[in-house]
Amino acid sequence: MDKSECALCRRPRGSFSCAECTSAMLQQRRTMLAGLQADVAVLRKKTEYALNTKSALVDAELRLERCMKQVERLAEKVMKTREQLCSERIAVVERTSKLEERTVQMEEAQHKLQLESQRAESLHAPVLECLDYQVQWADENAARVRGDRLRELFALFALTPEGEKTAEEEDDDDPLSGLPDEREGVSEELRQRKARKNVPVFFRTIVGLPLPKSGKYENVPPEVVAAALGKVIHLLHCLIKYLKITYPHPMQFNGSFSTIGNTSEGAGCHTLYPDGSVGFERGLSMLHENVAFLCTCQGVSKSDVHPTDLLGSLLEVYKSPRLGTLCDNQEANEIDPDERYTLTGSIEILPHYS
């Protein structure tokens, strides 16, 4: 207990309070408690009113609080992303610096390579040029040797331009042509030459077998024509071994019964025997195309290719300065469509065979 005196009667309080002081004190406490209860009731009413009238504001504050929390989380993510970007930016800068170093090294290496290539060109260009000249010279020599061999082959078939000299050329070559005609033994020979001068030549021969220059075989025995055309095919076959060419139409050498055309189809294969059939004319046209192809490969102009004279076209090949040249030009296969037959036409002419 409090040892101080009483606040009302000023009596000392030793071990107890007086009744008046105790009742007064209780009354005072009751009054204070009632006031506090009234204050609590007022505050409760105010709180209820605030809760009832300001709920939207409270909800907004709650939402704002949640949004602030989200903003804080996003800010943390942004900071982390910035840190990652910074680290990646540093890595990119490092890689860029390395790439620049490598670019400089590559430029230096390219410069060194250019210098080395220039040195190599200056060193090897004369050697390569010399080798090109040697290869060209070897090709020309090989073509010249092949040409000589082919001319010998033509001579074996007795197909040479020497037998085609006219009387004027013989007179020019003859040293006695300038002497007077009164000399004994010369006048008669000159008269014979002059007599032969006006005689036109209608035939050319291969191994002694004649073929008309006009392409008309009616007045020549069919056996002779077939044998001569067989020799032409034989000559064309021999030329393949030297010139490495492939003719537009395949040929099969069999003497007088040689054939031309695709042997896998009966209508496309023709025997070069002049029996008056359409098949012989078509086979002869195929043979002309093969000879024209050979002329094109050996540098003979199209104007010098005879349309009907097979042996004349072959003589143009003999006289060609490019005889023996290997043909690698694909344009040689191109023949005029009007002069070329196709295998599809065999079906149309099949009923006309005799």
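Just so you know, all these numbers are worked out from the coordinates, no wet-lab data involved. Note that the structure is a prediction, hence the values are computed from the model and not measured. Methodologically, a virtual Cβ is constructed for each residue, glycine included, from the backbone with ideal geometry; neighbour enumeration extends over all protein chains shown.
Normalised by residue number, the volume inside the convex hull of the Cα atoms of region 201-319 is 105 Å³ per residue.
Pop out the Kirkwood hydrodynamic radius of region 24-71 from its pairwise C-alpha distances, inverse of mean 1/r, in Å to one decimal. Here the Kirkwood hydrodynamic radius works out to 13.5 Å. Size of region 20-108: Rg and Dmax of its alpha carbons, in Å, are 34.5, 115. If the chain linking residue 116 and residue 277 were pulled fully straight, counting 0.36 nm for each residue of separation and taking away their Cα-Cα distance, it would gain 50.7 nm.
So how much slack lies between residue 135 and residue 207, counting 0.36 nm per residue of separation and subtracting their Cα-Cα distance, in nm? Walk me through the numbers before you get to the answer.
On the way: separation 72, 0.36 × 72 = 25.92 nm, distance 3.75 nm.
Length gained between residue 135 and residue 207: 22.2 nm.
Highest mean first, the peptides 216-227, 128-139 sorted by other C-beta atoms within 10 Å per residue fall in the order 216-227, 128-139.
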